[in-house]
Structure formats: C-alpha cells, structure tokens
Amino acid sequence: MSFNDNDMPQFGGSAGSPIDYTLGLSAFFTKVYGWMAFALVLSGLAAWLTGHNEVIAKAIFTGYTPMILFGAELALVFAIGAGMSRWSASVVTTLFVIYSVVNGLTLGVIFIVYELGSIVSTFAVTALTFGAMSLYGYTTKKDLTGIGKMLFFALIGLVIASIVNLFLQNSMFELVVSAIGVVVFIGLTAYDTQKLKAIAYTAEDQESMTKLAVYGALDLYLDFINLFLYLLRFMGNRRN
C-alpha cells in the first residue's frame, strides 16, 4: 500500500480551518510523533517518581490499587477510541495525557526491579528499533495488511500465554513469550505506521486531524512501551 500526491482525496475541510493536503501527511505525522514523545516523557517522569518515592510506590502497589489502575487504563483506551466521533479534540487529548500519566505510575515498578543503567540502554535500543520499523512502515510500498492481521492474532495468543504464566511462573516459558512479544511489536510498529498513512487522509479539518493524530500517537505509544518492556526482560539487570 503506497500513497502519493495523486492519491490524495479532495476533502472539503471546514471553512475556518482548511487543510493543505500537499503538506497534510507530513503535518499529521509531526503531530503523531509529537504527542507520542510527549506521552513517553510524562510516563517516564511518573514512573521515575513512583520508583523513587516509597510513599507513592506503596500506595500504588498495595491492595487493590494495581487492579484499579489497570481497569482505569483500559477504560481510558476504550474511551479515546469510542470518543473519536463524538468528543472534541481537547477532550480526546486530555484523556490521552491522563492515560500516559496513569500508565507511567504503574511502570514505576521497573525502577524498583531493574538497575537504572539497563533501563536507559534498553530504552535506547527500543527507540532505535522503533524508529527503524516505523520508518519502514512509512516508506515501504508493500501492503502490510495481511501481516497486521496475523500479528493481531499473535497478540491475542501473547496475552493468553502471559496470563497462563502468571500461574505457572515458568522462567523459560516467560523468555519464549518475551521473544514472541518482541517480534510481534516490532511488526506492529511497521503495520500501525502504514495504517496511519491511510487514516491521515480521512481528516476533514484541523480538529479531526488533531483527534486522529492523538489516536495514532496512542497506537504507536502502546507499541513502543510494550516493545520496551519485552526487551527489558532480556536486557535488564535486576537489582540485588
């Protein structure tokens, strides 16, 4: 699947904020990566604060709080998807910001379990891998739709396997699941990037472009975070 200037549909746009479709794709991805980077910064700060503040860590990782936060994250993700057609860009953006902070609080556990150096090095490897695969997804002329469908089913299997291993607590099984997870999210990074190229052309004005960009940022943010966490299981040095 590839796009060029001749493929661009001529949307009307709103009278107050028409979109220049000659530069539309570039502007769209600038917003996507910008919001994604902002969310990663917020999550990183929230995770660092949790991992270095005993009071906050105890409040988050004791009792029913982890389950409540996990439920809140799922609710926010579904709310962002469901609210794309009915809510304003500011509401969708606010939900995304809240989600990135909540997710960051739960990610604070990595600063408790792993050494800082290995977290930083794994993040760097994740960023390079993500960047390469996202660039591939953006530039390739190959239609990745079929691969995306296979990766979706692999993702379902990955979730089921992870749940099963919560009971098995098998370290070898965990390594296998982690290896599969790395492959799945590397592939999803390329697929989601290509998918966003098609989505970008459905924007009719600046309002809808912002909402779609935030939705795209959430997609790629999830790919990045999951790839990072799976790589961390291989590369991370645990604290003594």
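The values are calculated or read from the model by the stated rules, or taken from the named source; none is laboratory data. Predicted, not measured: the structure shown is a model, and the values here were computed from it. No Cβ is skipped: glycine too gets one built from the backbone with ideal geometry, and neighbour counts run over all protein chains shown. All accessible areas refer to the heavy atoms of the entire protein, side chains included, with ligands and DNA or RNA removed. Shrake-Rupley method; radii C 1.70, N 1.55, O 1.52, S 1.80 Å.
Some observations on this one:
- So G181, is it open to solvent by 20 Å² or more (accessible area, probe 1.4 Å), of a type outside the set (D, E), farther than 30 Å from V91 by Cβ and assigned to a helix (DSSP H, G or I): no
- Among the residues of this structure, L232 counts as one that is part of a helix (DSSP H, G or I), in contact with a strand residue (DSSP E or B) (Cβ under 9 Å, 6 or more places away or on another chain) and either over 30 Å from S88 (Cα atoms) or not aromatic (F, W, Y) (or both).
- A Cβ distance below 6 Å, combined with a sequence gap of six or more or placement on separate chains, defines the contacts here; from the stretch 112-139, residues that are aliphatic (A, V, I, L, M) reach residues that are open to solvent by 40 Å² or more (accessible area, probe 1.4 Å) and in a helix (DSSP H, G or I) in the pairs M133/I186.
- Within the option set F173, F130, being aromatic (F, W, Y) and farther than 15 Å from V32 by Cβ holds for one residue only, F173.
- Y201 closer than 27 Å to F38 by Cβ, modelled with pLDDT under 90 and touching a Phe, Trp or Tyr at 6+ places or on another chain (Cβ under 8 Å): yes
- Within the stretch 35-80, the residues that satisfy the criterion of being among the small types (G, A, S) and open to solvent by 40 Å² or more (accessible area, probe 1.4 Å) are A37, A59, G63, A75.
- Verdict on D205 being open to solvent by 50 Å² or more (accessible area, probe 1.4 Å) and not β-branched (V, I, T): no
- For the stretch 80-96, filtered to residues that are touching a residue at least 60 places away in the same chain (Cβ under 8 Å) and part of a helix (DSSP H, G or I), the residue that is farthest from A37 (Cα to Cα) is G81.
- Cβ pairs under 6 Å, 6+ apart, first in the stretch 213-240 and modelled with pLDDT under 95 and open to solvent by less than 30 Å² (accessible area, probe 1.4 Å), second not in a helix (DSSP H, G or I) and not basic (K, R): G236/Y114
- Here A190 fits the description: aliphatic (A, V, I, L, M), more than 27 Å from S90 (Cα to Cα) and either in contact (Cβ under 8 Å) with a residue 12 or more places away in the chain or not in a helix (DSSP H, G or I) (or both).
- Test: residue in the stretch 8-31 that is within 30 Å of L116 (Cβ to Cβ) and modelled with pLDDT of 50 or more: no
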